[in-house]
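Take a look at the structure below.
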Amino acid sequence: KKALLEKDISSQQAQADFDAKVASQQEQLDASRREGDLRAQQLQQQCEQLQQDCDRLSAENKAQDLELSRCHEEFQKEKADAETRCGELMTECSRLSSVVGGLSQQIEANAEELS
């Protein structure tokens, strides 16, 4: 009977040791799960922040592209206007050069008449 009692106590001790080991491992598992959940939450927040930054930068890039396009169009218009004005001035110069040439001939003719 004593041997049976010792065996029962030994069995109970073994069960208690096993239960303690299982409880310890469960605590470690729960702690690891909490750490993993916290890390996943942090990564999710970082991902959301990066997405917001990406969206903001994309919007800024689009705005800059529109501004660049507007400036390019304005430059092209001013260039075309300047080329047109330059052509008009060249035409006027040519006309004035002809007028000056005609006046020079008239001055020479008048000078010959006076001589």
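Taking every protein chain into account, the accessible area of the chain amounts to 92 square angstrom per residue (probe 1.4 Å). Putting +1 on Lys and Arg Cβ atoms and -1 on Asp and Glu Cβ atoms, find which of G36, A20, Q105 reaches farthest to the positive end of the dipole of the chain. Of the listed residues, the answer is A20.
Length, then width, then depth: along the principal axes, the Cα atoms of the chain run 165, 18, 11 Å. By accessible area, using a 1.4 Å probe on protein heavy atoms only, the chain has 56% of its surface on carbon and sulfur. Ignoring lysines fewer than eight residues from K2 along the same chain, the ones with Cα atoms less than 29 angstrom from its Cα are K21.
Quickly estimate the mean residue ellipticity at 222 nm for the chain, helices only: each DSSP H run with n ≥ 4 gives -39500 (n - 2.57), and the total goes over all residues, rounded to 500.
Numbers: 1 runs with 113 residues, N = 115.
The per-residue figure over the chain is -38000 deg cm²/dmol.
In the chain, the longest principal axis of the Cα atoms and the axis of helix 2-114 are about 0 degrees apart.
Dipole magnitude for the chain: about 1280 debye, using +1 per Lys or Arg Cβ and -1 per Asp or Glu Cβ, origin at the Cα centre.
The values are calculated or read from the model by the stated rules, or taken from the named source; none is laboratory data. Predicted, not measured: the structure shown is a model, and the values here were computed from it. Here the Cβ is made from the backbone with ideal geometry for all residues, glycine too, and neighbour counts use every protein chain on show. Surface accessibility is based on the protein's heavy atoms, side chains included, excluding ligands, DNA and RNA. Shrake-Rupley method; radii C 1.70, N 1.55, O 1.52, S 1.80 Å.
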